[in-house]
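The numbers here are math on the coordinates, done by the rules we state, and not lab data. It should be emphasised that the depicted structure is a prediction, and the values quoted were computed from it without experimental measurement. Note that each Cβ is placed from the backbone with ideal geometry, even for glycine, and that neighbours are counted across all protein chains shown.
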Amino acid sequence: MESIIKMSNIRKVYDTGKVKVEALKGIDLDVRAGEMLAIVGPSGSGKSTLMNLLGCLDTPSDGIYELGGENVGGVTRDQLAEIRNRRVGFVFQNFNLLPHISALENVELPLLFGGVAPKERRARAAELLERVGLGDRAEHKPTELSGGQMQRVAIARALAMDPDIVLADEPTGNLDTSSGTDIMSIFTDLWKSGRTLIIITHDPALAKRASRIVEIRDGRITSDHRNEEAA
Amino acid sequence: MRKDIHIITSLFASSGQLQKKRALLTIASIAWGTVAILLLLAFGEGLKRQLDKNRRAMGENIAVLWPGETSKAWKGMPPGRRIRPRVEDVDFVRDRMPELRSVIGEVVSWRTAITYERKTINGRVNGVSYEYGEARKHYPERGGRWLSPEDDKQRRRVAFLGDEMKTDLFGKDVNPVGKTILINNAPYVVIGVMQHKTQMGAYQGPDAQHACIPISTFKAQFGRDRLQNMLLETKRPEDMEGALKKFNGIMGPKFGYDPEDDRAFGTWNTVKTSKVTMMIAIGIEMFLGIVGALTLLIGGVGVANIMFAVIKERTREIGVKMALGAKARWIIWPFVLEALLYTFIGGALGIMIATLIAAAATFLPVESNEVMSFLGRPTLSPQIGMATSMILGLIGLLAGYFPARRAARVDPAATLRYE
């Protein structure tokens, strides 16, 4: 399988003016299409920083990052926004849906930024909501949905532009056990249908479902192994 | 570009609007500023128009020339000689300057006894040519008339009274037309009373306080034909400069003075002075406009302030949109549109209120009130509306753009990381 993500010797230094904090101290990571990767590690290990870099929300201080064969270094903010739009689907711990627009409009948002025509946008968003089991909730505002439902809307939104990777940051962190299990099943289904997923998590139950587990500690990868138990 | 516009309008349409109270206050501050600038400008415009009207009350495109003494030696004659034109010199000038609208002679008798029945006042009597009435805006009140060429030809004993002199002599309620008064004990029939006017410029005294009689009658009764003044009236204001030059070119040789000598005839060129008046009026209007614009600017600062607060509240939302692939301009312009919307609503409201107030001002009694007759009526003109709209648009744009630019600098990673 081809590599979707190629990171070599990635460093990230936060310069607050007085102190320089090195959050990532040289990360080499290669993710192939169709993998379900779990990134685990204690707080302050550099997980979030890695997620920001993987999701093109931030750029590395040093090293080379290629996403889908495209070098992400040295591009403008607008170009980076375009890369995010096309190649990355985000799922956040706190859902991050826009509260004043409907579930359907939330799913449409990446399509709007991607320049998809209104009719097609609507149809595609409706279809995605159907797929995550929320076809009947399309016109509801996020505040009228449960946590699990909100996260499903977020997953539909992440898939809207058919991205190279789906990047999930503690997707079950704000959910009760049963909703969490639902979400995990959706991720597993996505993986089985060939999607590339990267999940950052504390949750051992979620990590266990991944095909590969990467552990970070203190800005370095300390372990990287296949998970034979993957469902 | 079209894609950008589609995205921006879609985002604007789907973005959350302000809370009602906040929106109301923002709109009110803009409306207030708009009312302020409009009323100040309307006031300035009214003042300008009134000044213009008042200055024209003396006459338009006229120059007043009064004979003086020469200040330059000329053809062997020393300076300091008096120039003494006579009534017949009016015809002399008129024949040689046919391009003028009129040439007018004026002879004055100061502190003349004027009597009606048992009341006698000391007033000014002017012997004037027929054209004086039109040139110096001596319009008769209803029921009366101005002097006619016939009056002059036949040396009729007729008098046209200034409105204040009429009141002094007859009181308020008497119609004097047809009544006989005595001027230095000679009987005159009153033929008309001047319509009241607010007069800004005057020489010898206000027109309201004198009586006018035909210049031929004056010469016959007072035995004087030395001109006090000559008036030149041109057809267009720009002709005045040349006309005055030509006048001295004609009179110089006749009276033996250097045509370059500007002391032989003292000159009041009203075209020149009215230009100054208009400059002052425009200056006042600009000043009022600036004061109004500053008031409106405060409203704009209010909008900008609200937009900053809104952007701070919506930081997470902005971060989410950026994570999903929104470019900076797609973040900026919906906010600018929002600020423009508030400015537009407030501006429209302000224009409505100011128009109502200006409409109410048309009921103000301008003519009968002494202060108002100088200040004039606040007047809204299309130019004022245009200028205000442009200032409003600019303020809305700035009040939206600067806060929104800050929104576009939001770091999505930082926004999304924290609860």
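Placing dummy labels 7 Å off each Cα toward the beta-carbon, the span from B:T120 to B:R406 is 8.4 nm.
In segment A:100-231, what is the volume of the convex hull around the alpha carbon atoms, normalised per residue and reported in Å³? Before the final figure, lay out the partial values.
On the way: hull volume 16.9 nm³, N = 132.
Spread over its residues, the Cα hull of segment A:100-231 gives 128 Å³ apiece.
With Cα atoms as the point set, chain A shows a radius of gyration and Dmax of 17.4, 53 Å.
Kirkwood-type hydrodynamic radius, the protein assembly as shown: 32.5 Å, calculated from all non-identical alpha-carbon pairs. In terms of other Cβ atoms within 10 Å, A:I165, B:I345 run from fewest to most in the order B:I345, A:I165. One Cα centroid belongs to segment A:58-137, the other to segment B:335-387; the line between them spans 50 Å.
Count charges around A:R86 for me, please; just the other residues with Cβ under 11 Å from its Cβ, Lys/Arg as +1, Asp/Glu as -1.
Details: positive: A:R84, A:R87; negative: A:E70, A:E82, A:D162, A:D164.
In short, -2.
For peptide A:90-102, compute the average count of partner chain beta-carbon atoms within 10 Å of each residue's beta-carbon.
Working: counts 5, 0, 4, 3, 4, 1, 9, 2, 9, 3, 6, 4, 1.
The mean count of partner-chain Cβ atoms within 10 Å per residue comes to 4.
By the rule of a C-alpha distance below 27 Å, with chain neighbours fewer than 8 residues away ignored, the lysines paired with B:K75 are B:K245, B:K246, B:K254.
For B:W110 and B:H196, the FRET efficiency from 1/(1 + (r/R0)^6), where r spans their Cβ atoms and R0 equals 22 Å, is about 0.40.
For the cross-link pairs B:K48/B:K272; A:K47/B:K312; B:K48/B:K197; B:K179/B:K219; B:K166/B:K219; A:K141/B:K321, which exceed 19 Å when the distance is taken from alpha carbon to alpha carbon?
Details: B:K48/B:K272 17 Å; A:K47/B:K312 27 Å; B:K48/B:K197 17 Å; B:K179/B:K219 23 Å; B:K166/B:K219 23 Å; A:K141/B:K321 17 Å.
In this structure, A:K47/B:K312; B:K179/B:K219; B:K166/B:K219 lie more than 19 Å apart at Cα.
Which whole number in µm²/s is D for chain B by Stokes-Einstein, with the Kirkwood Rh taken over Cα pairs at 4 °C and 1.567 mPa s?
49 µm²/s
Over segment B:1-153, consider all pairs of different Cα atoms and compute the Kirkwood hydrodynamic radius from their mean reciprocal separation; express it in Å, one decimal. If you can, show how the numbers build up before the last one.
Working: mean 1/r = 0.0429 Å⁻¹.
Kirkwood radius, segment B:1-153: 23.3 Å.
Within 10 Å of each candidate Cβ there may be at most 12 other Cβ atoms; applying that plus a DSSP loop requirement, which trypsin sites (Lys or Arg not before Pro) in segment A:1-40 survive?
On the way: sites: A:K6, A:R11, A:K12, A:K18, A:K20, A:K25, A:R32; in loops: A:K18.
Qualifying residues, ordered by number: A:K18.
Write out the GluC sites (Glu not before Pro) in segment A:127-231 meeting two conditions: DSSP loop, and at most 13 other Cβ atoms within 10 Å of their Cβ.
Details: sites: A:E127, A:E130, A:E139, A:E144, A:E215, A:E228, A:E229; in loops: A:E139, A:E228, A:E229.
For GluC sites (Glu not before Pro) across segment A:127-231 that sit outside H, G, I, E and B with at most 13 neighbouring Cβ atoms in 10 Å, the list reads A:E139, A:E228, A:E229.
Determine, at each q value in 0.11, 0.15 (inverse angstroms), the log₁₀ of I(q)/I(0) that the Debye formula gives when each Cα of segment B:62-270 is one equal point scatterer. Debye output, listed in q order: -0.54, -0.93.
For the protein assembly as shown, DSSP calls about 70 percent of its internal beta bridges antiparallel.
Taking each residue as 0.36 nm, the span from B:Q19 to B:V371 lengthens on full extension beyond its C-alpha to C-alpha distance by 122.1 nm. P(r) for segment B:342-419, from all Cα pairs and a bin width of 10 Å, is 15, 28, 21, 16, 10, 6, 4, 0 %, short bins first. Taken along the Cα-to-beta-carbon direction at a fixed 7 Å, the label points for A:E22 and A:D218 span 1.2 nm.
Taking all C-alpha pairs of segment A:51-110, those more than 16 Å from each other amount to 50 percent. The equivalent ellipsoid of segment A:1-118 has semi-axes of 27, 18, 16 Å, largest first, where each one is the square root of 5 times an eigenvalue of the Cα gyration tensor.
Entry for segment B:251-365 at q = 0.11, 0.21, 0.22 Å⁻¹: log10 I(q)/I(0) = -0.68, -1.19, -1.22, Debye formula applied to identical alpha-carbon scatterers, no solvent contribution.
Among residues other than A:T172 with Cβ under 10 Å from its Cβ, the summed charge is -4 (Lys and Arg +1, Asp and Glu -1).
Work out, step by step, the length gained on full extension between B:T180 and B:E134: first 0.36 nm times the residue separation, then minus their alpha carbon distance; give nm to one decimal. Intermediate results must be reported in sequence, preceding the final value.
Numbers: separation 46, 0.36 × 46 = 16.56 nm, distance 2.46 nm.
Length difference between fully extended and current span is 14.1 nm.
Placing a label point 7 Å from the Cα of A:R11 along the Cα-to-Cβ line, the residues of segment A:42-69 whose backbone N sits under 20 Å from it are A:45-54, A:58-66.
Note on B:K327: lysines with a C-alpha under 16 Å away, same-chain residues under 8 apart excluded, are B:K3. Shielding of peptide A:110-116 by partners, expressed as the average count of other chain Cβ atoms within 10 Å per residue Cβ, is 5.
Sorted ascending by nearby beta carbons within 10 Å, beginning with the fewest, A:R121, B:R329 become B:R329, A:R121.
How much FRET efficiency would the formula 1/(1 + (r/R0)^6) give for B:A359 and B:D91, where r is the Cβ-Cβ distance and R0 is 51 Å, rounded to 0.05? List each step's numbers first, then the result.
Numbers: r = 52 Å, r/R0 = 1.02.
So, using R0 = 51 Å, E works out to roughly 0.45.
By how many nm would the segment from A:R32 to A:R77 grow when fully extended, if each residue of separation counts as 0.36 nm and the alpha-carbon distance is taken off? Display every interim value, and only then the final one.
Details: separation 45, 0.36 × 45 = 16.20 nm, distance 2.63 nm.
Once the chain is fully extended between A:R32 and A:R77, it gains 13.6 nm.
Partner shielding of B:324-334 amounts to 6, given as the average count of beta-carbon atoms from other chains within 10 Å of each residue beta-carbon.
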